[in-house]
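I have placed the structure first, in the form of structure tokens, so that the comments after it can refer back to it.
The values are calculated or read from the model by the stated rules, or taken from the named source; none is laboratory data. Computed from a predicted model, the values in this text were never measured in an experiment. Every residue, glycine as well, gets a Cβ built from its backbone with ideal geometry; the counts of neighbours run over all protein chains shown. Protein only, heavy atoms only, side chains kept; ligands, DNA and RNA dropped before computing areas. Shrake-Rupley method; radii C 1.70, N 1.55, O 1.52, S 1.80 Å.
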Amino acid sequence: MKIIAAAQTDMGAKRTNNEDSYYAEGNLFLVADGVGGHSSGEVASKMSADIVGSCLKRKEPYLKGYDESYSMASNRLASAIRLANKAVHEAAKSASHKGMASTVAAVYVSDDMLSIAHVGDSRAYLIRAASIIQLTDDHSVVSEQVRDGLLTKEQAK
């Protein structure tokens with residue numbers, strides 16, 4: 001399978017610092033976005049990207065919370081994200097990083113299989129030829145209310 005990947009971040013027009021990080025190496029492609037307005041978002045996103053990348057580079061499986069309905073690769077990806085979440089959560093207890101957080105969207109390729117995992121409102125898309133398909137739904141209160149039929153898409157905007 002031939003994979004072509006590129007990565008770039010942009011802080012956008014509203015922020016004074018860039019809270020985005022990415023990992024695009026080997027068979028892992030990940031974007032982490034520090035939660036805007038919170039302390040040390042750029043630290044949380046970098047930690048997330050680095051920890052997930054490091055976990056998946058190692059040969060031993062990270063199988064905490066193994067779910068038999070998913071592949072080994074998907075379980076490894078999910079476990080690596082849980083480990084990153086735990087590390088960010090622990091670091092966010094310190095005074096210097098109080099409340100920091102990050103979203104993650106990741107794609108992991110293993111044995112010609114694609115695993116996708118995400119947390120928060122960072123999304124994964126499939127772009128092929130002239131089409132763009134959103135593969136993940138946001139983990140947010142508003143998105144949940146739309147899925148549950150409590151809000152329309154127009155009301156959510």
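What are the residues in region 84-119 that are hydroxyl-bearing (Ser, Thr, Tyr) and either in contact (Cβ under 8 Å) with a residue 24 or more places away in the chain or within 19 Å of ASP67 (Cα to Cα) (or both), if any?
Matches in region 84-119: SER96, SER102, THR103, TYR108, SER110, SER115.
Just to check your reading of the model, which residue among TYR108, TYR125 is of a type in the set (Ser, Thr, Tyr) and open to solvent by 60 Å² or more (accessible area, probe 1.4 Å)?
That would be TYR125, the only listed residue that is of a type in the set (Ser, Thr, Tyr) and open to solvent by 60 Å² or more (accessible area, probe 1.4 Å).
What number goes with the only condition from (1) at pLDDT below 85; (2) surrounded by 14 or more Cβ atoms within 10 Å (Cβ to Cβ); (3) small (Gly, Ala, Ser) that ALA117 does not pass?
Looking at each condition in turn, ALA117 falls short on (1).
So which pairs qualify, if the first residue must be in region 120-148 and closer than 20 Å to ILE4 by Cα and aromatic (Phe, Trp, Tyr), the second must be assigned to a loop (DSSP other than H, G, I, E, B) and at pLDDT 90 or above, the Cβ gap must be under 6 Å, and the two must be at least 6 apart or on different chains?
none
Could you run through region 53-71 and say how many residues are open to solvent by 90 Å² or more (accessible area, probe 1.4 Å) and part of a helix (DSSP H, G or I)?
Within region 53-71, residues that are open to solvent by 90 Å² or more (accessible area, probe 1.4 Å) and part of a helix (DSSP H, G or I) number 1.
Select from region 28-52 the residues that are small (Gly, Ala, Ser) and in a loop (DSSP other than H, G, I, E, B) and write down the one among them that is most open to solvent (accessible area, probe 1.4 Å).
Here the residue is GLY37.
Scan region 138-154 residue by residue and report those that are in contact with a helix residue (DSSP H, G or I) (Cβ under 8 Å, 6 or more places away or on another chain) and open to solvent by 90 Å² or more (accessible area, probe 1.4 Å).
LYS153
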